[in-house]
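Heads up: the structure comes next, in structure tokens.
The values are calculated or read from the model by the stated rules, or taken from the named source; none is laboratory data. It should be emphasised that the depicted structure is a prediction, and the values quoted were computed from it without experimental measurement. Glycine also receives a Cβ, built like all others from the backbone with ideal geometry; neighbour counts cover every protein chain displayed.
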Amino acid sequence: MASMQTDPAPAAVPPGFERLRVKAVIRETADAHSIVFEVPDDRADRFAYAPGQFLTLRVDVDGETCLRCYSLASSPSVDADLKVSIKRVAGGRVSNRLLDTVQAGDEIVVMPPKGVFRLRESEAPVVLFAAGSGITPVISILKQILVTTARPVTLVYANRDERSVIFRHELAGLAARHADRFTLVHRFDDREGPLTAGAVAAQTRVGEAQFYMCGPAPFMQMVRNSLRDAGIAEERIFLESFDGEIDETPAAPAATGAEAAGEDAAARVVVRHHGADHAFGVRAGETVHAAATRQGLSLPFSCKAGYCGLCLARVTSGTVTMKDNLGGVSDAQIAEGWTLACQAQVTSPEATLVFE
């Protein structure tokens, strides 16, 4: 296996990122690996994190710089090193590059931890739902609960089959050591079928519990709707909304014909990126980032969920509104004219966004 060199020139590390050495690569399943990073002592404060947060990796793939968010599976109360876990995505440029090439001793350019998917302070019981690689931030939060609190906790973990379980031995060890207050529920599609609304509702009988979830978008939508239908208040439901299949999708080819001319567009936008202006139409309800992707324009992104802030742009003309803002841009920045392209919807006939 050839060693991966993601960004060999030290001078190329951009502001806000750091170069970290890979301490170990752990094979979790046939299609999921964990990467353990060494953090130098003089960078420890920059890489302090809360369980549930993520790292943004900067990886060169075929001459293109790609940014991807990967949740931390480690927990600062338990683990000495930072660990992210990556599952292979069919056609995924970044996940495949990382799984196929990274070895101990390699260096990867990394942005320090970010994210708002964190355990809320309370003494209430906790119910965690995870599917597939969605276990990554969930196990981080789980370890925090078990080590730093006395809260009872249940984890419902859904997978295609038993072979797909990530962190199988670690979860089994936690269940054995904390049998008095940790309930581990595995759900396998090949045996019982996908997780059902009834199985979700069964977990709502646990007092005034808080509910945390991470997994593919359809899974989380089902769990969230089932909790709401069972009478769980929205303020007791917390989710991590990354979807690796979306984040890994290559840019679409440039649009042609009526689409390129913007004849089906509700607004027209000019995006200034790397000093060049790109004009195109934006459909009703479509984000600027999505419209740019239709045109074959590759704008910065990592999470596409309003968390990471990598698609931050200044609105220099026109008006936009954001679908969601989960911490990627502050209220003060919004007041100064900044927006997140992955969430920005144009509300005027024309608008200009500048990536600085």
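Of all the listed residues (151, 118), the sole one being of a type in the set (Lys, Arg) and within 28 Å of residue 306 (Cβ to Cβ) is 118. Taken as a whole, the structure places residue 86 among residues that are hydrophobic (A, V, I, L, M, F, W, C), within 16 Å of the chain's Cα centre (by Cα) and assigned by TED's automatic domain parsing to the domain that holds residue 14. The one condition from (1) of a type in the set (Val, Ile, Thr); (2) over 25 Å from residue 69 (Cα atoms); (3) out of contact with any strand residue (DSSP E or B) (no Cβ under 6 Å at 6 or more places or on another chain) that residue 346 does not meet is (3).
Determine which single condition residue 349 fails, assuming it passes every other condition in (1) over 18 Å from residue 273 (Cα atoms); (2) under 24 Å from the mean Cα position of the chain (by Cα). Evaluating residue 349 over (1) over 18 Å from residue 273 (Cα atoms); (2) under 24 Å from the mean Cα position of the chain (by Cα) leaves (2) as the failure. Scanning segment 204-226 for residues that are in a loop (DSSP other than H, G, I, E, B) and either modelled with pLDDT of 90 or more or in contact with a helix residue (DSSP H, G or I) (Cβ under 8 Å, 6 or more places away or on another chain) (or both) turns up 208, 209, 215, 216.
A search for C-beta distances below 9 Å between a residue of segment 173-187 that is free of Cβ contacts under 8 Å to residues at least 60 places away in the same chain and any residue that is aliphatic (A, V, I, L, M) and surrounded by fewer than 17 Cβ atoms within 10 Å (Cβ to Cβ), counting only pairs 6+ apart in sequence or on different chains, returns 181/150; 182/175; 183/175; 184/172; 184/175. Residue check: is residue 140 within 28 Å of residue 328 (Cβ to Cβ), out of contact with any helix residue (DSSP H, G or I) (no Cβ under 6 Å at 6 or more places or on another chain) and assigned to a helix (DSSP H, G or I)? For residue 140, the condition - within 28 Å of residue 328 (Cβ to Cβ), out of contact with any helix residue (DSSP H, G or I) (no Cβ under 6 Å at 6 or more places or on another chain) and assigned to a helix (DSSP H, G or I) - is met.
Residues in segment 130-137: is at least one more than 18 Å from the chain's Cα centre (by Cα) and not assigned by TED's automatic domain parsing to the domain that holds residue 26? Scanning segment 130-137, I find no residue that is more than 18 Å from the chain's Cα centre (by Cα) and not assigned by TED's automatic domain parsing to the domain that holds residue 26, so the answer is no. Applying the criterion of being among the aliphatic types (A, V, I, L, M) and more than 19 Å from the chain's Cα centre (by Cα) to the residues of segment 23-33, the residue that is surrounded by the fewest Cβ atoms within 10 Å (Cβ to Cβ) is 30. No other residue among 37, 47, 54, 17 is touching a residue at least 40 places away in the same chain (Cβ under 8 Å), of a type in the set (Phe, Trp, Tyr) and within 22 Å of residue 215 (Cβ to Cβ) apart from 54. From the set of residues in segment 121-131 that are in contact (Cβ under 8 Å) with a residue 12 or more places away in the chain and not in a strand (DSSP E or B), which is nearest to residue 218 (Cα to Cα)? Among them, the one singled out is 125.
Return the residue satisfying two criteria in turn: it lies in segment 172-230 and is among the polar types (S, T, N, Q) and buried (at least 18 other Cβ atoms within 10 Å of the Cβ), and of such residues it is farthest from residue 119 (Cα to Cα).
Of everything passing the filter in segment 172-230, 226 is farthest from residue 119 (Cα to Cα).
Determine whether residue 142 is under 29 Å from residue 226 (Cβ atoms) and in the same structural domain as residue 238 (by TED's automatic domain parsing).
Criteria met by residue 142.
Taken over segment 286-311, residues that are closer than 21 Å to residue 336 by Cα, modelled with pLDDT of 90 or more and either outside any loop (DSSP other than H, G, I, E, B) or aliphatic (A, V, I, L, M) (or both) amount to 2.
Cβ-Cβ distances below 9 Å connect the following pairs, each with a first residue in segment 275-300 that is among the polar types (S, T, N, Q), a second residue that is at pLDDT 90 or above and in a helix (DSSP H, G or I), and a separation of six or more residues or different chains: 298/292.
In the set (1) out of contact with any Ser or Thr (no Cβ under 7 Å at 6 or more places or on another chain); (2) assigned by TED's automatic domain parsing to the domain that holds residue 56; (3) charged (D, E, K, R), the condition left unmet by residue 170 is number (2).
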